[in-house]
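Notes follow the structure.
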Ligand code: TMP
């Protein structure tokens, strides 16, 4: 499959047309951004690591009944994906308080939450991806039915269940993550975008060390080393 016209360039990926109008090629970039791109950087090989990590996690989720846009991985930083209309909602799922949750509500950083929290953010860089409630999503016509919002929450929790258990076996604590969904031409809701250390927080269960993009956000160094370690642990065979 050949890359056609560049359709879209985001902060971490480029999307290209292909000869098939139902399929796109996603290229994972080495760029890193934080705080709505106020902080920018690049780490050679980061795109390839995220492509491999996301491929593994999407396959795991497919095996657990979550439909995704992934068709196949073409090379180290390209995936062939189904063309979808992205629902402009960032679904954030949290097990432990940190980041914007601790900042906004004053919940102690590192406090385990009494239940899994699912939040919606409007995917709009110009507005700084504000947090929204269900009524805002309906008002902005981000989805046409409230049931779709319930489905996004259900999918977020199911993804969390699968990933949390998978990473716990690998001594990584899944703190929180962000996922995006798209709708294909048949109307199916597919997990889209990526799941990687750019979009998740992982804390090492033994050392408490951060193994994700917070290393970049907080200038902790060794960003790529952490992403490599996450991939290594994902690839570990478990009984
Ligand atoms: P937050 O604590 O900054 O709201 O982040 C929650 C989770 O969502 C965290 O795992 C990082 C991820 N995330 C993204 O993937 N993209 C974003 O633009 C933001 C703000 C967070």
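The values are calculated or read from the model by the stated rules, or taken from the named source; none is laboratory data. In this text, all values refer to a predicted model and were calculated from it rather than measured experimentally. Counting neighbours? That spans all protein chains shown, and the Cβs are built from the backbone with ideal geometry, glycine included.
Structure data summary
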{"quantity": "Filter pass, residue 171 being within 16 Å of the ligand (Cβ to nearest atom) and modelled with pLDDT of 95 or more", "calculated": "no"}
{"quantity": "Residue in the range 110-129 that is within 13 Å of the ligand (Cβ to nearest atom), without any contact (Cβ under 8 Å) to a residue 12 or more places away in the chain, more than 30 Å from residue 52 (Cβ to Cβ) and surrounded by 14 or more Cβ atoms within 10 Å (Cβ to Cβ) present", "calculated": "no"}
{"quantity": "First in the range 139-151 and over 9 Å from residue 89 (Cβ atoms), second anywhere and surrounded by 13 or more Cβ atoms within 10 Å (Cβ to Cβ), Cβ under 8 Å, 6 or more apart", "calculated": "140/122; 140/132; 146/134; 146/138; 148/87; 148/189; 151/189"}
{"quantity": "Filter result for residue 99 (touching a residue at least 24 places away in the same chain (Cβ under 8 Å), more than 16 Å from residue 191 (Cβ to Cβ), surrounded by 16 or more Cβ atoms within 10 Å (Cβ to Cβ) and over 15 Å from the mean Cα position of the chain (by Cα))", "calculated": "yes"}
{"quantity": "Qualifying position, being at negative phi and at pLDDT below 95, among 52, 56, 63, 2", "calculated": "2"}
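Each row is one residue, and each column tells you yes or no for (1) crowded, with 17+ Cβ neighbours inside 10 Å; (2) more than 17 Å from the chain's Cα centre (by Cα); (3) within 13 Å of the ligand (Cβ to nearest atom); (4) modelled with pLDDT of 95 or more.
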| residue | (1), (2), (3), (4) |
| --- | --- |
| 69 | yes, no, no, yes |
| 94 | yes, no, yes, yes |
| 108 | no, yes, no, yes |
| 137 | yes, yes, no, yes |
| 150 | no, yes, no, yes |
| 158 | no, no, no, yes |
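One line per residue, one yes/no per condition, for (1) touching a strand residue (DSSP E or B) at 6+ places or on another chain (Cβ under 8 Å); (2) assigned to a helix (DSSP H, G or I); (3) away from the ligand (no atom under 16 Å from the Cβ); (4) modelled with pLDDT under 95:
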| position | (1), (2), (3), (4) |
| --- | --- |
| 203 | yes, no, no, no |
| 206 | no, no, yes, no |
| 216 | yes, yes, no, no |
| 224 | no, yes, yes, no |
| 230 | yes, yes, no, no |
| 239 | no, no, yes, yes |
